[in-house]
Amino acid sequence: MTSVDPARVLAASTEITRAALAGDDPDAVLPLVVRSAVELAEADLGLAMVTADDGTLTVEAASGGSTGDGDPVGVVLSGRSSAARAARTGVPVVADDFTTDPRTAPFVPKVLRAYGPFAVAPFGTKERRIGALAVYRRKGAPPFSPDTVDVLAAFAAQAGLAVVLAEGSTARQRVAVYQERERIARDLHDVIIQRLYATGVQLDLLDRRLKLDGREAKRLADAVDQLDQTMAEVRATVRALRSADPGSPAEADLGRSVRAEARTAGELLGRAPEVRVEGDLTDVPADLADHARAALREALSNVVRHSGASRVAITVERTPDRLRLEVADNGCGIPRGVARRGLRHLEERALAAGGGCEVASSPSTGTTITWHVPLPT
């Protein structure tokens, strides 16, 4: 084989780097890497293999001829194979016929038995070892020369760096998406929901002052119910937006959420509720914390709309095996005829998590809502 023109190597590396910096997905860059390796080494087949946690290699991309024995993509190579050794040690391996060479023969998969000359180089960087890049020629073809193996090794290192760049670019794009989703979720929660909430409260207060009855009272009650449903849908949207980033501090800190909900209720009541937190809330499972937030909102909504209370106390207690939420007020109790859909939601959420919800209410003592769920041990 004639020596490889350095300009061809540079052109191939530049093309791959350009694709990586353009933000292409690493999975889309790999086929381009393999195709360039086949052309530079004048090989019949090229494979890009990615190392798994257990040291095995999985073929992720292929370029070149087919043997009729199947597609090599998806084939898993032993952690003891020459390709795995090259990926692990950073030293290329070459064989005149890898189906007979004692170093490689025990690990040849059926789909590659039609090939003989073989060379494999580590793929990636010292800090991020992706796997291996291998090239093959059909049986009877000339073996790969030392110069070709050197070119393959240099190209694999350069292409590996490009793929690492693509991974970094994809990660940055993903972070940007998460940040934008969090911003939208925060705006929905802090602006839209609060305005809907305040509007619903004002409508309830208006209903109580005007003492409407008949058709007009029903129309007003229906409008309040529609606001409740809209808020529930917006909250579901907020949860969906934030679920893509489980580590979002806004969702992870239940204690901070409790205090934020208390401040919102305090603005509408004219007096801030007392808040008492017992135990560590930072490691409450995300799904249970989400249920607890929604339960607190429903309970405080009930206080603001119906109680006329001068004192509200919120208690959140976390024990090793249970999360307990209590909202107590000294108001007039839950008036007769008031829709109890929100309270039913509280009960449904608790039951769905294996817990319960109790409501004690009277005109003389006010209302106490106790909501509790078990915690995984």
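When the alpha carbon gyration tensor of segment 268-358 is reduced to an equivalent ellipsoid, the three semi-axes, largest first, read 23, 17, 10 Å. Using 0.36 nm per residue and subtracting the Cα-Cα separation, the extra length available between Ile192 and Thr230 on full extension is 12.7 nm. Calculation over all alpha carbon pairs of segment 39-104 in 10 angstrom steps from 0 returns a P(r) of 19, 50, 30, 1 percent.
Straightening the chain between Ala286 and Thr377 buys 31.3 nm, computed as 0.36 nm per residue apart minus the Cα-Cα spacing. Assuming R0 = 35 Å, what is the FRET efficiency of Val73 and Glu348, from their Cβ-Cβ distance, to the nearest 0.05? Given R0 = 35 Å and the Cβ-Cβ separation, E is 0.15. For segment 286-326, backbone nitrogen atoms closer than 17 Å to the point 7 Å from Thr199 Cα along Cα-to-C-beta are found at no residue.
Treating r as the C-beta distance of Asp213 and Ser364 and R0 as 30 Å, the FRET efficiency rounds to 0.70.
On the basis of the beta-carbon distance and an R0 of 35 Å, Glu15 and Lys110 show a calculated FRET efficiency of 0.60.
Peptides 274-281, 76-83, 29-36 ranked from most to least packed by the mean count of surrounding Cβ atoms within 10 Å: 29-36, 76-83, 274-281.
Shown here is the pair-distance distribution of segment 113-155: with all Cα-Cα distances grouped in 5 Å bins from zero up to the longest one, the shares run 6, 23, 25, 21, 15, 8, 3, 1 percent.
Bear in mind that the values in this text are calculations on the coordinates, not laboratory data. Not measured: the values here are computed from a predicted model. Note that we place each Cβ from the backbone using ideal geometry, even for glycine, and neighbour counts take in every protein chain shown.
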